[in-house]
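Here the structure is laid out as structure tokens; the discussion comes afterwards.
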Amino acid sequence: MNYMNVDYSTKIPNNVNLSEDRQVLKALEGWHPGYMDWWGDMGPEGFQESLVYLRTAYSVDPRGWAKFDYVRMPEYRWGILLAPQEENRVVPFGEHYGKPAWQEVPGEYRAMLRRLIVIQGDTEPASVEQQRHLGKTAPSLYDMRNLFQVNVEEGRHLWAMVYLLQKYFGRDGREEADELLRRRSGDADSPRMLGAFNEATPDWLSFFMFTYFTDRDGKMQLHSLAQSGFDPLSRTCRFMLTEEAHHMFVGETGISRVVQRTCEAMREAGITDPTDVAKVRALGVIDLPTIQKKLNLHYSLSLDLFGSEVSTNAANAFNSGIKGRYKETQIDDDHQLKNATYPVLKLVDGVIKRVDEPALTALNMRLRDDYSQDCIKGMLRWNKVISTAGYQFKLTLPNVAFHRQIGEFKDVHATPDGVLIDDATWNKRKSEWLPSSDDGDFIASLMKPVTEIGAYAPWISPPKVGIDNRPGDFEYVKIET
Ligand code: BYC
């Protein structure tokens with residue numbers, strides 16, 4: 001079998017030779033109906049019969065891996081795709097540094113590996129659940145198609161983790177795979193595992209923020225797992241990253257287009273003060289201060305996804321060779337962090353201070369810092385749109401102590417500038433920094449669906465180029481009426 005190309009002859013497309021792995025094929029086929037039920041119940045609401053212009057992977061060669069065609073989402077070919085095995089790959093960090101990478105689960109790390117795979121797997125269906133109502137208010141067919149593309153690929157990422165669980169973890173892996181279909185985002189009794197995946201995604205600005213900030217946590221975590229000494233996990237994550245890039249593109253360009261439209265509308269109306277919220281809203285576009293509040297919310301929720309500042313879980317995962325650092329193989333050090341330290345912002349005697357911690361226990365922070373650096377890049381582009389339009393307004397990332405539910409700062413309140421404040425001040429001022437219910441109502445009032453070919457809602461600019469280089473009047477979704 002050519003491991004670059006995907007075998008579509010079996011019910012479950014794959015490049016892992018499933019047709020000769022009867023036991024795993026049987027387990028996956030047994031899981032398939034439950035997945036389809038879940039997709040029917042929790043996948044995009046109202047568009048299951050529509051033809052959507054989607055990309056599907058036919059190869060894992062990064063130079064050309066996808067083809068585009070009209071597909072009804074329930075007929076999307078969710079498959080198991082692993083990046084090609086690298087010959088003589090070694091464990092690139094930790095205690096086993098330099099030893100051959102594992103092709104089977106090392107017994108002593110089984111529980112840790114299973115936990116990480118389950119957490120990763122849990123986020124994928126969660127995001128589909130969070131976004132399931134958005135199709136009905138899409139600002140264009142182009143955006144609707146992008147939403148559905150993201151959704152089907154998150155579904156495929158669930159398949160990717162379920163394959164690892166079923167192939168390598170026996171009966172408990174199969175039980176975990178079933179649990180992944182049972183939990184529900186935001187459910188009081190059976191929620192998804194990580195905080196941000198139980199929050200609502202009520203509108204399209206939230207969707208763009210989510211795909212920019214939360215999918216980017218996905219990118220960082222997948223990069224770290226792609227370094228894993230457990231080779232099948234590494235290969236799985238490497239291919240997932242290929243798909244993930246488009247999700248963040250949707251977020252970055254989505255926010256950029258919202259900012260662009262707002263600036264254009266302000267200029268046309270002769271508005272000089274972008275913080276004059278009432279005047280800007282009267283134009284039917286989203287004012288920049290509200291965009292900043294949404295950004296504050298989604299960035300802070302996403303910071304929580306990196307876990308605590310100081311974490312023995314993270315140290316153990318690194319020592320064992322299971323979860324590495326971002327771009328581990330490109331870092332020039334001992335890859336064991338024996339004597340290294342890393343600066344971490346902590347709360348010391350009621351003051352935010354930079355403290356040197358052992359680099360091993362500070363690994364969550366290192367990844368989080370890499371993440372923040374990555375977040376800044378898109379923000380600079382949005383700010384360029386604002387300054388080019390002639391406005392003196394800058395979107396910024398809030399301080400890491402702002403609005404936190406995990407780690408050092410979870411029991412204190414801080415302003416977006418990182419000034420610690422008491423409960424009363426927080427309660428009085430929080431609607432200046434986070435979206436209030438009025439802000440939510442205003443945004444909701446703009447969320448009117450636009451389904452004419454080539455048309456866009458008045459609060460967002462059209463994209464610069466079409467998907468798959470399609471022209472502006474391309475029918476990305478043929479809606480079944
Ligand atoms: N919410 O030592 P600690 C994606 C728990 S997104 C709730 O501080 P650790 C995607 C933690 O589980 C990427 N609980 O943290 C994006 C632990 O509980 P136990 C998803 C939390 O373990 C968009 C306790 O607190 N992938 O792919 O070093 C769309 C103490 O933990 C949270 C991964 O996350 C939280 N936010 O790091 C679709 C990679 N944070 O075990 C998809 C796999 C911590 O004591 N996961 N806790 O009961 C990991 O690497 C780690 O589990 C974490 C936490 C980075 C999440």
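Of all residues in the stretch 124-134, those satisfying the criterion of being under 23 Å from Arg182 (Cβ atoms), more than 8 Å from the ligand (Cβ to nearest atom) and in contact with a helix residue (DSSP H, G or I) (Cβ under 9 Å, 6 or more places away or on another chain) are Pro125, Val128, Glu129, Gln130, Gln131, Arg132. Residues considered: Ala138, Ala160, Ala111, Ala66. Of these, the only one that is open to solvent by less than 10 Å² (accessible area, probe 1.4 Å) and farther than 25 Å from Ile460 by Cα is Ala160. Assess whether Leu181 counts as being in a helix (DSSP H, G or I), open to solvent by 10 Å² or more (accessible area, probe 1.4 Å) and away from the ligand (no atom under 12 Å from the Cβ). Yes: the conditions hold for Leu181. Being touching an Asp or Glu at 6+ places or on another chain (Cβ under 9 Å) and closer than 21 Å to Val118 by Cα: is that true of Gly195 here? When the stated conditions are applied, Gly195 passes them. State yes or no: is Gly170 within 9 Å of the ligand (Cβ to nearest atom) and either over 20 Å from Glu45 (Cβ atoms) or open to solvent by 40 Å² or more (accessible area, probe 1.4 Å) (or both)? No. Within the stretch 29-84, being touching a residue at least 24 places away in the same chain (Cβ under 8 Å) and among the basic types (Lys, Arg) holds for Arg55, Arg72, Arg77.
Taking first residues from the stretch 400-411 that are within 20 Å of Lys294 (Cβ to Cβ) and touching a residue at least 40 places away in the same chain (Cβ under 8 Å) and partners that are open to solvent by 70 Å² or more (accessible area, probe 1.4 Å) and more than 10 Å from the ligand (Cβ to nearest atom), the Cβ contacts under 6 Å between residues at least 6 apart in sequence or on separate chains come to Arg404/Lys410.
Counting only helices (runs of 4 or more DSSP H) that sit completely within the stretch 277-379, those holding 2 or more residues that are touching a residue at least 40 places away in the same chain (Cβ under 8 Å) and open to solvent by less than 50 Å² (accessible area, probe 1.4 Å) correspond to 288-304, 312-319.
Taking the conditions (1) farther than 26 Å from Gln85 by Cα; (2) within 11 Å of the ligand (Cβ to nearest atom) in turn, Glu154 satisfies each one other than (1).
Quick grid of which residues meet (1) more than 30 Å from Tyr97 (Cβ to Cβ); (2) within 16 Å of the ligand (Cβ to nearest atom); (3) charged (D, E, K, R):
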residue	(1), (2), (3)
His335	no, no, no
Leu345	no, yes, no
Thr361	no, yes, no
Asp370	no, yes, yes
Gln373	no, no, no
Val385	yes, no, no
Pro435	yes, no, no
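Report, by residue number, each residue of the stretch 221-233 that is open to solvent by less than 10 Å² (accessible area, probe 1.4 Å) and more than 8 Å from the ligand (Cβ to nearest atom). Result: Ser228, Gly229, Phe230, Asp231, Pro232, Leu233. When the criteria are applied in full, Glu175 meets the requirement of being open to solvent by 10 Å² or more (accessible area, probe 1.4 Å), charged (D, E, K, R) and either assigned to a loop (DSSP other than H, G, I, E, B) or out of contact with any Ser or Thr (no Cβ under 6 Å at 6 or more places or on another chain) (or both).
Please indicate, with yes or no, whether at least one residue in the stretch 200-219 is away from the ligand (no atom under 14 Å from the Cβ), of a type outside the set (A, V, I, L, M) and without any contact (Cβ under 8 Å) to a residue 12 or more places away in the chain. Checked the stretch 200-219: no residue is away from the ligand (no atom under 14 Å from the Cβ), of a type outside the set (A, V, I, L, M) and without any contact (Cβ under 8 Å) to a residue 12 or more places away in the chain. Scan the stretch 184-195 for residues that are open to solvent by 10 Å² or more (accessible area, probe 1.4 Å) and within 13 Å of the ligand (Cβ to nearest atom) and report the count. Selection size over the stretch 184-195: 5. Of all residues in the stretch 92-123, those that are within 9 Å of the ligand (Cβ to nearest atom), charged (D, E, K, R) and either in contact (Cβ under 8 Å) with a residue 40 or more places away in the chain or not in a helix (DSSP H, G or I) (or both) total 1.
The values are calculated or read from the model by the stated rules, or taken from the named source; none is laboratory data. Bear in mind the structure is a predicted one, so any value in this text is a computation, not a measurement. Note that each Cβ is placed from the backbone with ideal geometry, even for glycine, and that neighbours are counted across all protein chains shown. Only protein heavy atoms, including side chains, enter the accessible area calculation; ligands, DNA and RNA are left aside. Shrake-Rupley method; radii C 1.70, N 1.55, O 1.52, S 1.80 Å.
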